[in-house]
Amino acid sequence: MMPCKRCSRFSIFLVLPLALVSLSTQLSAQENPSLITAEDFFDLQQVGNPVLSPDGDWVAYTVRQTSLEDDSAETRVWMVSTEGGEPLPMTGVGASASDPAWSPDGRYLTFLASRNDGQTQVWGLDRRGGEASQLTEIEQGVSAYSWSPDASKLALLIRDPEPENEEEADDKPEPWVIDRLQFKRDSAGYLDRRRTHLYVQDMASGEVTQLTSGDYDDSQAAWSPDSTLLAFSSNRTEEPDANSNRDIWVVSAGSPDAGGTLLQVTTNPGSDSSPAWSPDGDFITYVTVTEPDLIWYATGHLGISPATGGSARVLTLRLDRNVGSPQFAPNGDDIFFILEDSGERHLASIDSSGEGFERVIEGNISLRDFSMNADGDVAALIGDATQPTEVFFGAGRNLHQLTFTNREFLDSRQLAEVENVLFESADGTEIEGFIYKPPGFNENFRYPTLLRIHGGPVSQYDFNFNFDAQLFAANGYVVVMTNPRGSSGYGQDFSRQLWAAWGVKDFEDIMAGVDYAIDAGYADPARLGVGGWSYGGILTNYVITKSDRFAGAITGASEVLYRSNYGHDHYQLQWEKELGLPWETPENWERISPFNDVANVVTPTLIMGGEHDWNVPILNSEQLYQALKRLGLDTQLVVYPDEHHGIRRPSFVLDRYERYLDWYDRHVK
């Protein structure tokens, strides 16, 4: 397993600049900062999508704010000078906007918005003044866009329109007619044959030309430097629903696809995505999965290929860490990317030969996004355990913070002390975790303790602001969060140890985290709780069937009887790869199903989920609830109407937090 932040074959010698050593704003001299409450979730604002202007003078970004009173959320576009100062709102209240971008000539700040009850279109603010104007008029709306480098065209991703007979129909419901192998997606519903394709709009004439077609979805369009070609990612195999392939393709921006005009750049059977061109247009870098049969356990590496195809190379096999958002540096040799490693997310670079790897921005941080201009200046979205992400700007490693969106809130609240810990699991494997201590923590006392488990399973807890953990700590709990086997920041072998063996090594790892907190004197072994959402809920189900140590459990959006999900959730391909077909290898499916050990449960368990979750269907929660109720255990099932895998309605978000606290207070405290 390499390279972690404690061992490396690469020469990691960079140090974090002083501006990033302490991202969190220090508490002011305010006399009585208060503890975080569930309602505070709606006072926190989420900063995202930093985009640096071509001249390097401004950074556009988004701020998402949630209103409990209106039971809604809204995203607005802002911009801030790279010299600092007060940010300026660029879109108004009452109409959400997203995906800000600068036209390369600097004339427009553009964004996606659905205004006047219409479909989502590209809108532009002319920097010479005036109100935002609508730049596209696509009947079915636009899902993504990008400017050509010469500012003469927009690349648009547009989903096929509905058939005319459906558009002209009255309000009577029509049956879904399904003939696809992959026939449903959470939040999208049942899938038909309408696909998303690539178009180009000429900005002078307004003419829109369709470039790609067929029974395939196209995404992630990227312009060549001379504005003549577009690279994109697409699965154009004979049966796209039967594999996880995506390749990088190139199409001329001046002529539509006539069935044979596409150039296939990569032929890797795994997923190739996020294409970005070199400044001279000779190469394309991208994220590649070289072992697709490992499905979600496979590491995403950095690839590079001539733009004409033919001899693709993988640059980061030795790195053995997930990468994202690659972009060529202005020198055309170095490639910058986001590196996920051991509870941290850094900005890193490597040259096109695969040598010269270095971490450009590192430390106990979580770098979520970045933008780079032709001068090599960087705008980055960075947070840490005590500050939600904010916009930073600078050249190279010398970044300074530009936005302080949540400073007033943070200054008025007491936050938990967060300790980054390492401990050994039952077989001696080193596991990393985070322990949140209640404000005013006294080392002479043992506290009620919650083991909170992340989703995924191929994900990780990192140095990012975690509201849930802060809320539990504010209510007097020590919170233990671990990155067990299956987590994504520790190499492919670490992740793949869950292969067809869920609830074994990951169970041992999280329990070792609890034992660490007890041995350290933090946790009261008689007052332990456990819980999580998605895979966090799934692993909670293993915990309560394998252990009687917990006084209370909360399992959200979880699975429990796996064969019942086949054909009902949206993971048919992944299940078949890992467990086989359920009628051919039923033993694989039954072996990892916690439902088969449900008679062992003695823990009072709150069960939650969304009514329309097709990621992890509510069927699982209903089955678990029915079993625990039949066994006479203290249990409750909470189903949120019209919600999918993630709970989004603000009043439901608050309800969930209040139920969390009530259940743990009654059973753990």
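Distance from the alpha carbon centroid of region 532-580 to that of region 366-427 works out to 32 angstrom. The charge dipole of region 262-377, taken about its Cα centre with unit charges on the Cβ atoms of Lys, Arg (+1), Asp and Glu (-1) only, comes to about 260 debye. With point charges of +1 on the Cβ of Lys and Arg and -1 on the Cβ of Asp and Glu, referenced to the Cα centre of the chain, which listed residue (TRP499, THR316, PRO279) lies farthest in the positive direction of the dipole? Positive-most Cα among the choices belongs to TRP499. Rounded if a/c is under 1.5, else prolate if a/b is larger than b/c, else oblate: which is region 307-459, with a ≥ b ≥ c the root eigenvalues of its Cα gyration tensor? Here region 307-459 falls in the oblate category.
Cross-link reach is defined here as a Cα-Cα straight distance under 19 Å, omitting same-chain residues fewer than 8 places apart; for LYS629 the aspartates and glutamates meeting it are ASP548, GLU559, ASP597. In this structure, ARG591 and ARG666 have a Cβ-Cβ separation that, at R0 = 30 Å, corresponds to a calculated FRET efficiency of about 0.30. For region 439-447, backbone phi angles converted through the Karplus equation (6.51, -1.76, 1.60; θ = phi - 60°) give residue-by-residue couplings of x, x, 3, 10, 5, 7, 10, 9, 10 Hz, Gly and Pro being listed as x.
Considering the values (1) 1.03; (2) 0.95; (3) 1.17, which represents Rg/Rh (Cα atoms, Kirkwood Rh) as calculated for the structure under consideration? Looking at Rg/Rh (Cα atoms, Kirkwood Rh) for this model, the match is (2). Of the DSSP H helices in the chain, not one has a Cα length along its own long axis of 30 Å or more together with a mean Kyte-Doolittle hydropathy reaching 0.0. Considered as an equivalent ellipsoid built on the Cα gyration tensor, region 280-326 has semi-axes of 21, 11, 9 Å, the largest given first.
Helical runs (DSSP H, four residues minimum) scored at -39500 (n - 2.57) apiece and divided by the length of the chain put the mean residue ellipticity at 222 nm at -4000 deg cm²/dmol. Only beta bridges with both residues in region 416-667 are counted; by DSSP, about 35 percent of them are antiparallel. Across region 368-373, rounded Karplus estimates of 3J(HN,Hα) from the backbone phi angles (6.51 cos²θ - 1.76 cosθ + 1.60, θ = phi - 60°) give 9, 6, 7, 9, 10, 9 Hz, Gly and Pro being marked x.
In the chain, taking the dipole from charged Cβ atoms about the Cα centre, the farthest positive-side position among ILE435, PHE41, LEU654 is held by ILE435. Modelled spin labels at LEU581 and PHE441, positioned 7 Å past Cα toward Cβ, are 5.3 nm from each other. Only four residue types carry charge here, +1 at the Cβ of Lys and Arg and -1 at the Cβ of Asp and Glu. Report the dipole size of the chain about the Cα centre in Debye, rounded to the nearest 20. Here the size comes out at about 1520 debye. Beyond 29 Å in Cα-Cα separation lie the following of the pairs LYS437/LYS546; LYS505/LYS577; LYS184/LYS577; LYS172/LYS577; LYS546/LYS577; LYS153/LYS184: LYS172/LYS577; LYS153/LYS184. Extension gain, ASP241-SER143: 0.36 nm per intervening residue step, less the Cα-Cα distance, totals 33.2 nm. Overall, the anisotropy analysis places region 236-295 in the oblate class: the square-rooted eigenvalues a ≥ b ≥ c of its C-alpha gyration tensor yield a/c not less than 1.5, with a/b not exceeding b/c. The calculated FRET efficiency for SER187 paired with ASP280, based on their beta-carbon distance and R0 = 45 Å, is about 0.65.
In percent, rounded to a whole number, the relative contact order of the chain is 11, using alpha-carbon pairs under 8 Å and six or more apart. Computed from the C-beta positions of VAL208 and ASP548 and an R0 of 56 Å, the FRET efficiency is 0.30 to the nearest 0.05.
Taking the number of Cβ atoms within 10 Å of each Cβ as an exposure proxy, the fewest-first ranking of HIS301, HIS568, HIS612 is HIS568, HIS612, HIS301. Considering only alpha-carbon pairs that sit under 8 angstrom and 6 or more positions apart, the relative contact order computed for region 416-667 is 16 percent. More than 24 angstrom separation, counting every C-alpha pair in region 416-667; what % is that? For region 416-667, the fraction of Cα-Cα distances above 24 Å is 44 percent. Remark: PHE423, PHE434 ranked as PHE423, PHE434, counting other beta-carbon atoms within 10 Å and listing the fewest first.
Each Lys and Arg Cβ is given +1 and each Asp and Glu Cβ -1; about its Cα centre, region 416-667 then shows a dipole of about 460 debye.
In terms of surrounding Cβ atoms within a 10 Å radius of their Cβ, PHE472, PHE42 rank from fewest to most as PHE42, PHE472. Projecting the Cα positions of PHE472, TYR535, GLY130 onto the charge dipole of the chain (unit charges on Cβ atoms of Lys, Arg, Asp and Glu, taken about the Cα centre) puts PHE472 furthest along the positive direction.
Bear in mind these aren't lab numbers, they're just calculated from the coordinates by the rules spelled out. The structure displayed is predicted, hence computed values, not measured ones. Please note: Cβ atoms are built from the backbone with ideal geometry, for glycine as well, and neighbour counts cover all protein chains shown.
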